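The values are calculated or read from the model by the stated rules, or taken from the named source; none is laboratory data. None of these values were measured; they are calculated from a predicted model. Methodologically, a virtual Cβ is constructed for each residue, glycine included, from the backbone with ideal geometry; neighbour enumeration extends over all protein chains shown. Only protein heavy atoms, including side chains, enter the accessible area calculation; ligands, DNA and RNA are left aside. Shrake-Rupley method; radii C 1.70, N 1.55, O 1.52, S 1.80 Å.
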Amino acid sequence: GAGADNDLYINQAIVFIEDAIQYRSINHRVDSRSLWLYRWYYSRTSQWILSLTITTILALAFIEKPSSLTITSDVRYRLPAWNPPCGLTESIELLCFLVFMVDVSVKSYLVGWEEFWKNKWLMAYILTLIVSLTDWIVSLSFFCTEDVRIRRILRPFFLLQNSSMMKKTLKSINSTLPEMASVVLLLAVHLSLFTMFAMLLFARTKDGQQDKEWVEYFRNLPDSLTSLLVLLTTANNPDVMIPAYSKNRAYSIFFILFTVLGNLFLMNLLTAIIYNQFRGYLLKSVQSSLFRRRLGIRAAFEVLSSLKETPANAEQSCVSVEALLQVLQKVEMDARCKQAIMRSLKMCSCDQLSAPQFQKLFEELDKDAIRQHPPSPEYQSHFMQKMQFAFGHPYFGYLGNVVALANIVSICVVLVMDADKQPSERDDFFLGAINCFFILYYLLEMLLKILAMGLRRYLSYPSNRFDGLLTVILLVLEIATFAVYGFPHPGWRPEFMGLLSLWDMVRLVNMLIVFRFLRIIPNMKFMALVVTTLLDLVKNLRAFAGILVVVFYAFAIAGIMLFEGAVVPMGNISMISLLFGHFQAEVIYCLLYFLSINLLCRWAKIYFVAWWLISSVIWVNLFVALLLENFIHKWDRRCHREPLSDIEYQRTVELMFRDVLEEPTEEELMEKLHQHPHLQLCR
């Protein structure tokens with residue numbers, strides 16, 4: 001009936017708007033049961049369970065054999081790691097696999113059969129589960145004694161496939177690789193040419209005493225290439241040139257040329273190319289996200305315009321304000337955006353909304369998140385008004401910074417004076433006394449600021465929350481110190497009591513005081529700009545951190561499989577196993593700097609060179625590119641907008657590119673909607 005159809009249209013609009021908010025694709029089933037399942041799947045509870053499952057299966061590597069969960073990493077001193085009984089971690093894995101099977105089944109059903117075959121990520125998801133389950137069965141059949149477990153190295157995929165932004169980032173990186181490959185190839189040519197020059201310059205001579213450079217670094221082609229590759233990372237600089245430089249200073253020209261061309265030109269050229277290309281591909285990805293948002297909003301408009309109460313004689317499609325209010329009541333979205341949209345609707349004089357009006361309402365989603373600080377309390381007393389003016393003035397904050405600086409200087413003076421003293425010779429009276437004085441000032445400062453600003457306004461500033469929390473912790477520690485050791489007095493060196501000694505308590509207090517000095521950052525505009533840039537990267541670029549976790553995890557598991565049991569304790573020195581046969585120092589040098597002449601260890605170079613290329617060359621440059629983009633964006637905004645003291649602007653990675661994004665046209669949106677595999681529009 002008409003009522004059932006209207007309920008379906010309302011539910012479809014709710015889901016489409018939620019898809020637009022989260023930048024999700026709308027190409028999924030839209031019947032009543034599927035919509036209920038879709039909202040359940042993307043509910044906070046379901047997504048929390050899925051995230052917990054992914055975290056659990058990744059964390060299994062810390063406790064399953066070979067476990068490295070020990071306090072010290074030194075094989076001579078660490079206790080044997082706990083090895084869980086066979087079946088314990090496997091049972092946890094099976095539970096995780098069951099959750100993933102439900103996850104992939106629901107996803108596959110919701111997108112439909114046609115879309116399933118187009119979705120490579122879903123097919124890879126199923127393949128990963130099949131391989132993992134097969135490997136799990138093999139593991140149990142061998143009673144958990146097998147050396148190679150393929151499913152462990154596949155685990156990061158579950159994290160990767162669960163984030164749309166991570167998948168977009170990976171796609172952008174993949175698209176950037178051809179441009180990066182040209183510079184990497186040029187880098188390889190640079191290495192090859194200088195390797196040949198090195199082998200000619202430092203060839204073996206009749207005088208063995210003069211052949212130290214040849215013996216240690218350029219004995220053959222692999223060693224020569226490795227030595228220069230490590231020099232490119234500056235890890236063996238200046239060691240690699242010392243023998244030749246001792247023989248003849250002119251040899252330094254070779255190493256200077258290699259370093260200048262490789263590090264200053266080619267590596268920075270790689271950064272420039274990555275910044276230029278990756279920014280372009282990331283911009284395309286964000287443009288795609290904007291299209292998804294506009295498409296979701298337009299889809300909601302189209303289904304709402306199909307409601308039975310919509311006027312049939314209207315010249316163009318329209319949506320009633322009442323229907324939209326009904327939808328907004330059920331949509332899960334940010335309270336700020338919902339209130340802003342509802343205010344706009346109440347201020348609207350018309351009963352029907354056209355497509356442009358409907359779309360304009362939801363542009364609120366694209367705006368900066370603005371947080372206004374609560375007002376200060378209004379005092380009637382003239383004396384209290386003066387107090388409020390004095391202690392709410394920025395100069396009072398500057399005075400606090402000066403006092404904090406004086407506290408840091410006094411701690412430095414005491415540390416320098418006591419640096420060479422034995423613990424029995426040290427007198428903690430002076431340090432304890434000045435700490436007591438400064439902590440009392442910090443407490444007074446906090447209370448006066450709360451008096452001037454009011455508690456709500458005081459807590460609305462992150463710098464005040466940081467300052468106040470540390471002040472409370474310092475006060476608690478100081479009271480605990482006095483309760484256990486008494487008040488400071490000359491010769492204050494009581495015996496160890498409680499959990500921490502007096503010196504430990506004093507050191508902890510001083511570390512927190514030093515940490516508290518970071519409060520000066522908001523008062524230094526340029527430093528604050530740098531810090532907010534870094535914080536924005538941490539908050540908004542979780543996708544890049546996620547891919548970094550994937551890379552680290554995969555290489556860590558591969559390293560465990562390749563080098564498990566390589567270093568074993570033997571007296572006061574650690575020896576490599578029979579596979580390698582070198583002392584620990586030689587092994588570390590080999591594995592980290594690739595300079596061992598052992599044949600098998602040369603194969604380890606492939607692992608570490610791949611790690612260096614991905615983590616240092618590619619990923620660090622990507623991070624630098626994004627850091628530059630974020631910083632330039634904030635710098636431009638700082639130059640074009642006056643800072644407002646009572647307003648905080650919070651922007652997402654999508655909003656970083658908002659000024660250069662193109663709005664999709666009406667024709668593009670309608671064409672895409674008509675291609676929807678499960679939605680039949682009336683027009």
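Within the range 433-484, restricting attention to residues that are part of a helix (DSSP H, G or I) and of a type in the set (Phe, Trp, Tyr), which residue is most open to solvent (accessible area, probe 1.4 Å)? Full working, then the answer.
Kept after step one, since they are part of a helix (DSSP H, G or I), are these residues of the range 433-484: 433-453, 455-459, 462-484.
With of a type in the set (Phe, Trp, Tyr) added as a condition, the list becomes 437-438, 441-442, 458, 466, 482.
Details: Phe437: 131, Phe438: 22, Tyr441: 45, Tyr442: 3, Tyr458: 6, Phe466: 60, Phe482: 39 Å².
Across the range 433-484, the extreme among qualifying residues is Phe437.
Return the total of residues in the range 223-265 being under 18 Å from Ser192 (Cα atoms) and small (Gly, Ala, Ser).
3
Looking at (1) out of contact with any Ser or Thr (no Cβ under 6 Å at 6 or more places or on another chain); (2) in a loop (DSSP other than H, G, I, E, B); (3) not aromatic (Phe, Trp, Tyr), can you tell me which one Ile49 breaks?
Every listed condition holds for Ile49 apart from (2).
Residue-wise test of (1) open to solvent by less than 30 Å² (accessible area, probe 1.4 Å); (2) within 27 Å of Cys86 (Cα to Cα); (3) free of Cβ contacts under 8 Å to residues at least 24 places away in the same chain.
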residue: Leu127; (1), (2), (3): no, yes, yes
residue: Leu140; (1), (2), (3): no, yes, no
residue: Ile150; (1), (2), (3): no, yes, yes
residue: Leu159; (1), (2), (3): no, yes, no
residue: Asn162; (1), (2), (3): no, no, no
residue: Lys168; (1), (2), (3): no, no, no
residue: Asn174; (1), (2), (3): no, no, yes
residue: His190; (1), (2), (3): yes, no, no
residue: Thr195; (1), (2), (3): yes, no, no
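Any residue in the range 662-678 that is outside the structural domain of Asn263 (by the TED database) and modelled with pLDDT under 80?
no
Looking for whichever is closer than 30 Å to Val99 by Cα and either outside any helix (DSSP H, G or I) or of a type outside the set (Lys, Arg) (or both) here; the options are Ser192, Ser182, Ser139, Ser175. Which one fits?
Working: Ser192 fails: closer than 30 Å to Val99 by Cα; Ser182 fails: closer than 30 Å to Val99 by Cα; Ser175 fails: closer than 30 Å to Val99 by Cα.
After applying the criteria, what remains is Ser139.
When the residues of the range 363-407 are filtered to those that are out of contact with any helix residue (DSSP H, G or I) (no Cβ under 6 Å at 6 or more places or on another chain) and aromatic (Phe, Trp, Tyr), which remaining residue is nearest to Met453 (Cα to Cα)?
It comes out as Phe389.
I want to confirm something. Restricting to the range 333-345 and keeping residues that are touching a helix residue (DSSP H, G or I) at 6+ places or on another chain (Cβ under 9 Å) and in a helix (DSSP H, G or I), which single residue is most open to solvent (accessible area, probe 1.4 Å)? Reasoning before the result, please.
Start the filter on the range 333-345 by keeping residues that are touching a helix residue (DSSP H, G or I) at 6+ places or on another chain (Cβ under 9 Å), which leaves 333-334, 336-338, 340-342, 344-345.
Of the ones still in play, those that are also in a helix (DSSP H, G or I) are 336-338, 340-342, 344-345.
Working: Arg336: 70, Cys337: 7, Lys338: 43, Ala340: 10, Ile341: 1, Met342: 32, Ser344: 53, Leu345: 8 Å².
This residue is Arg336.
Could you tell me which of the residues Thr145, Thr169, Thr205 is closer than 30 Å to Ser288 by Cβ and among the hydroxyl-bearing types (Ser, Thr, Tyr)?
On inspection, the qualifying residue turns out to be Thr169.
So for the range 73-80 (the condition being of a type in the set (Gly, Ala, Ser), open to solvent by less than 80 Å² (accessible area, probe 1.4 Å) and farther than 21 Å from Glu146 by Cβ), does at least one residue qualify?
no
Can you tell which of Asn6, Asn11 is over 27 Å from Leu95 (Cβ atoms) and modelled with pLDDT under 90?
Asn6
Quickly run through the range 77-102 and pick out the residues that are without any contact (Cβ under 8 Å) to a residue 24 or more places away in the chain and part of a loop (DSSP other than H, G, I, E, B).
Scanning the range 77-102 gives Tyr77, Arg78, Leu79, Pro80, Ala81, Trp82, Asn83, Pro84, Pro85.
Quick test for you: out of Lys330, Lys360, pick the one residue that is open to solvent by 30 Å² or more (accessible area, probe 1.4 Å), under 30 Å from Leu669 (Cβ atoms), touching a helix residue (DSSP H, G or I) at 6+ places or on another chain (Cβ under 6 Å) and modelled with pLDDT of 85 or more.
Numbers: Lys360 fails: touching a helix residue (DSSP H, G or I) at 6+ places or on another chain (Cβ under 6 Å).
Checking each option against the conditions leaves just Lys330.
Name, by its number, the condition in (1) in contact with a Leu (Cβ under 8 Å, 6 or more places away or on another chain); (2) farther than 27 Å from Leu69 by Cβ; (3) open to solvent by less than 40 Å² (accessible area, probe 1.4 Å) that does not hold for Tyr109.
In the conditions (1) in contact with a Leu (Cβ under 8 Å, 6 or more places away or on another chain); (2) farther than 27 Å from Leu69 by Cβ; (3) open to solvent by less than 40 Å² (accessible area, probe 1.4 Å), Tyr109 misses (3) alone.
Working only within the range 261-283, note down all residues that are at pLDDT 75 or above and open to solvent by 50 Å² or more (accessible area, probe 1.4 Å).
To start, the set of residues in the range 261-283 that are at pLDDT 75 or above comprises 261-276.
Within the range 261-283, Leu261, Leu264, Phe265, Asn268, Leu269, Ala272, Tyr275, Asn276 qualify.
I'm trying to understand the selection: among the residues of the range 197-207, which are surrounded by fewer than 20 Cβ atoms within 10 Å (Cβ to Cβ) and part of a helix (DSSP H, G or I)?
Within the range 197-207, Phe197, Met199, Leu200, Leu201 qualify.
Can you tell me which residue among Val413, Val402 is aliphatic (A, V, I, L, M), open to solvent by 30 Å² or more (accessible area, probe 1.4 Å), modelled with pLDDT under 85 and within 19 Å of Leu512 (Cα to Cα)? Talk me through it step by step, then tell me what you get.
Details: Val402 fails: modelled with pLDDT under 85.
Being aliphatic (A, V, I, L, M), open to solvent by 30 Å² or more (accessible area, probe 1.4 Å), modelled with pLDDT under 85 and within 19 Å of Leu512 (Cα to Cα) holds for just one of Val413, Val402, which is Val413.
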